[in-house]
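Rule-based calculations on the coordinates, nothing more; no lab input. Since this is a predicted model, take the numbers as computed values, not measurements. Note: ideal-geometry Cβ built from the backbone for every residue, glycine included; neighbour counts use all protein chains shown.
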Amino acid sequence: MLVWNHLKKVAEILEKTIYQLKDQLLSKYLVSEIKHPTIKMIAI
């Protein structure tokens, strides 16, 4: 619940909805994982 409250405050400051903020954060995370994966895959 603490994370949700924090997202709500940040969303209000940025004048966005919580869902827009969450979507933006997840999108940035996925792009960074594609560019620089934290778990390397090895071809067998």
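For the range 21-44, the set of residues classified as of a type in the set (D, E, K, R) and either part of a helix (DSSP H, G or I) or under 20 Å from Leu7 (Cβ atoms) (or both) consists of Lys22, Asp23, Lys28, Glu33, Lys35, listed by residue number. Quickly run through the range 5-44 and pick out the residues that are surrounded by 12 or more Cβ atoms within 10 Å (Cβ to Cβ), under 15 Å from the mean Cα position of the chain (by Cα) and among the charged types (D, E, K, R). Selection gives Lys8, Lys16, Lys22, Asp23.
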